[in-house]
Amino acid sequence: MDNKINRDIKTDRKKKAGMLTFHFANNFGAALQTYALQYTLGTLPDLDVEIIDYRHWFIRFTDFARFFPIDKNPKGILSGLKTFPGRVRRIRKFQEFYENYYKLSERCGTSRKLKKLPPYDYYICGSDQIWNDTVTLGFSPVYFLQFAPEEAAKISYAPSFGSDISDEKKLDRIAEFLKGFQAISVREKAKMNETLAQKLGREPEILVDPTFLPEREHWEKLAGDEPIIKQKYILVYMMQNNEKLYQYARQAKELLGFPVVAISRYGYKANGIIDKVIVDAGPVEFLNLIRHAEFVCTNSFHGLAFSIIFEKKFFEFPSDRFSSRSSNLLHLFHMDAPKTVTAENVRTRFYDREEVERIMQRERERALEYLRRNISTANGSDKYFSHEGTKSRQCDL
């Protein structure tokens, strides 16, 4: 499978957009939402998109820590020690994905270095949980674009706070960070949005995660037509181990008669449930495994997102930490996910595919209209147009 993008586009007279997100984390959702937003921005006329290669120290630390088998279950630790080579291959696949599909700026580890980058016409932060103070160990001013020139055009595209915030001091700080933004959008509906609207004098727009912006056919081409698993299977993908989800998979296996394949960081194989564990999947393999699955069991937001995109039958059991993201997504698509496994709901979809496609198209158009409205070459300031002669790889498969 060769999905490498290698097409140069002339950037003469183009405006430059710098995009900031969790692009570097060894996490399927982080990598694919980065790709999706970069791709979508790249479809706008006369715009050259570059990912600002800032790597937050705490995200780097947690990525490094998760490389080692940290698990409450001793069997999980043991399997993690045995699957060390698989995790090395996984990291290499992520690196290959970055090299093939990202256009990156110079690496910057501090705000001081960020300020020394040639200025952009547009600074865009989002998506992912870049505004989640748990993930970044306190709110990170960088992800609120505080390093950008004061007069620069600053835009957010659907970042997530991870949960609804009620702490007044936190909300005051967020509002202060957002005062200089030209346009503000977030990913989830939340009560805190009303408070922010009062503090800012404008209401944040609610926009869909960028993985919903490329058409399904685009993701299918990236995933590949040839399935990694050569037989029908049930896929399990968890962000946090959850016995309830394992039981869903076991019941679905009994009813459908298909083997259960799990994407696992450490290779833990639940006895009697999981038939095959894949440790070394990269972003492309992740897409392939969801695309070709007969059924998906997940507690991951992006596991849920791509199950919807690929029109899969699925069970979703939200993770404890960030359940609001998944519940917002299900609500958006008018889905009431089953809470129990029955012969009927493992064999038939519980949602209306045509309605989901209609909503997806509507949200896609809303997002594109937001981007077109706020990223206009006619409104960009020539003062910051200083990137003549650079090259960009348009992510067009």
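The values are calculated or read from the model by the stated rules, or taken from the named source; none is laboratory data. Quick caveat: nothing in here was measured; it's all calculated off a predicted structure. We place every Cβ from the backbone using ideal geometry, glycine too, and count neighbours over all the protein chains shown. Just the protein is used for accessible areas: all its heavy atoms, side chains included, with ligands, DNA and RNA removed. Shrake-Rupley method; radii C 1.70, N 1.55, O 1.52, S 1.80 Å.
Structure values in brief
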item	result
Sole exception among (1) among the aromatic types (Phe, Trp, Tyr); (2) surrounded by fewer than 19 Cβ atoms within 10 Å (Cβ to Cβ); (3) modelled with pLDDT of 95 or more for Phe64, by number	(3)
Condition met for Ile91 (closer than 29 Å to Pro214 by Cβ, at pLDDT below 85 and in a helix (DSSP H, G or I))	no
Residue count, the stretch 341-362 (criterion: in a helix (DSSP H, G or I) and hydroxyl-bearing (Ser, Thr, Tyr))	0
The stretch 182-223 - residue that is open to solvent by less than 10 Å² (accessible area, probe 1.4 Å) and farther than 22 Å from Leu330 by Cβ and, of those, modelled with the lowest pLDDT	Leu196
Verdict on Glu106 being free of Cβ contacts under 8 Å to residues at least 60 places away in the same chain, among the acidic types (Asp, Glu) and within 22 Å of Leu222 (Cβ to Cβ)	no
Given (1) surrounded by fewer than 16 Cβ atoms within 10 Å (Cβ to Cβ); (2) under 16 Å from the mean Cα position of the chain (by Cα); (3) among the small types (Gly, Ala, Ser), index of the condition Ala305 fails	(1)
Looking only at the stretch 356-371, and only at residues there that are free of Cβ contacts under 8 Å to residues at least 60 places away in the same chain and farther than 27 Å from Lys232 by Cβ, the one that is least open to solvent (accessible area, probe 1.4 Å)	Ile359
Selection count, the stretch 41-61, where residues are under 19 Å from Glu365 (Cα atoms) and surrounded by fewer than 20 Cβ atoms within 10 Å (Cβ to Cβ)	4
Residue identified as over 25 Å from Leu78 (Cβ atoms) and either touching a Ser or Thr at 6+ places or on another chain (Cβ under 8 Å) or open to solvent by less than 40 Å² (accessible area, probe 1.4 Å) (or both) among Ala262, Ala252	Ala252
Condition broken by Ala175, with the remaining ones in (1) among the aliphatic types (A, V, I, L, M); (2) over 21 Å from the mean Cα position of the chain (by Cα); (3) open to solvent by 20 Å² or more (accessible area, probe 1.4 Å) satisfied	(3)
The lone exception for Leu81 - which of (1) under 20 Å from Tyr266 (Cβ atoms); (2) surrounded by 15 or more Cβ atoms within 10 Å (Cβ to Cβ); (3) more than 18 Å from the chain's Cα centre (by Cα) it fails	(2)
Selection within the stretch 139-151 - touching a residue at least 60 places away in the same chain (Cβ under 8 Å), surrounded by fewer than 21 Cβ atoms within 10 Å (Cβ to Cβ) and within 15 Å of Leu117 (Cα to Cα)	Val142, Pro149
Pairs with Cβ under 7 Å, 6+ apart, first in the stretch 152-170 and closer than 16 Å to Val208 by Cβ, second open to solvent by 10 Å² or more (accessible area, probe 1.4 Å) and of a type in the set (D, E, K, R)	Ala158/Arg187; Pro159/Asp128; Pro159/Arg187; Ser160/Asp128; Ser160/Arg187; Ser160/Glu188; Ser160/Arg325
Residues located in the stretch 109-138, provided they are open to solvent by 10 Å² or more (accessible area, probe 1.4 Å), in contact (Cβ under 8 Å) with a residue 12 or more places away in the chain and small (Gly, Ala, Ser)	Gly109, Ser111
Test: residue in the stretch 340-355 that is under 20 Å from the mean Cα position of the chain (by Cα), open to solvent by 50 Å² or more (accessible area, probe 1.4 Å) and either closer than 17 Å to Ala305 by Cβ or of a type in the set (Lys, Arg) (or both)	no
Any hit, the stretch 363-371, residues being among the hydroxyl-bearing types (Ser, Thr, Tyr) and assigned to a helix (DSSP H, G or I)	yes
Within the stretch 179-214, tally of residues that are over 16 Å from Ser156 (Cα atoms) and either in contact (Cβ under 8 Å) with a residue 40 or more places away in the chain or assigned to a helix (DSSP H, G or I) (or both)	9
